[in-house]
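Student: Structure provided below as structure tokens; questions to follow.
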Amino acid sequence: MQKFLVGVLLYITVTSGAFGQQLQPDKQDEKAVTKLIDDYSESREKSDTVLLKKILTPDVDQLVSTGEWRKGIRAAVDGMLKSSAGRPGSRTLTITNLRMIDINTSIVDCRYEIENEDRSLRKMWSTFMVVRGKKTWKIAAIRNMLPAN
């Protein structure tokens, strides 16, 4: 009985340490996720619906800074095109944190800046939930936020 209890305690000690550690993205995943965010920025800049549809999951959802929810790829793409047309200017997404939830899921925090036509900057935050598909990473959710004053 004592051997059994010692074995159980040893198992709990070893496995809790192994599963309690935060996953770190490997260089290949970090590069792929960074390219995904760059592709998103480029697709918004160029209103490239083909690229957008390639990098978004079919059930993508987006909460924008105005409070509008866009659910599904069609609503997201239509909303993104409308938003880009209404706010022309260059968009810059700078990754500040990439956190792996598991080997197929990551949360990506970005500084999101839009340079307006008058050269003023709209500074926001964006958080992306990205998932690994069969061959590539895709965006499953986007949250855009305006910092509080």
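The values are calculated or read from the model by the stated rules, or taken from the named source; none is laboratory data. Everything numeric in this text was worked out from a predicted model, so none of it was measured. Cβ: placed from backbone, ideal geometry, glycine included. Neighbour counts: every protein chain shown. Heads up: the accessible areas ignore ligands, DNA and RNA and are worked out on the full protein's heavy atoms, side chains in. Shrake-Rupley method; radii C 1.70, N 1.55, O 1.52, S 1.80 Å.
Student: Just name the residue that is farthest from I95 (Cα to Cα) out of those in region 12-42 that are modelled with pLDDT of 75 or more and β-branched (V, I, T).
Tutor: Top of the filtered list is V33.
Student: Of all the strands (runs of 3 or more DSSP E) wholly in region 29-107, which have at least 1 residues that are without any contact (Cβ under 8 Å) to a residue 60 or more places away in the chain, open to solvent by 60 Å² or more (accessible area, probe 1.4 Å) and on the phi > 0 side of the Ramachandran plot?
Tutor: It comes to none.
Student: If I filter region 120-135 down to residues being under 14 Å from the mean Cα position of the chain (by Cα) and open to solvent by 70 Å² or more (accessible area, probe 1.4 Å), which single residue comes out as nearest to V108 (Cα to Cα)?
Tutor: W125
Student: Here is a follow-up. Residues I139, I103, I95: which one is within 12 Å of the chain's Cα centre (by Cα) and over 19 Å from K53 (Cα atoms)?
Tutor: I95
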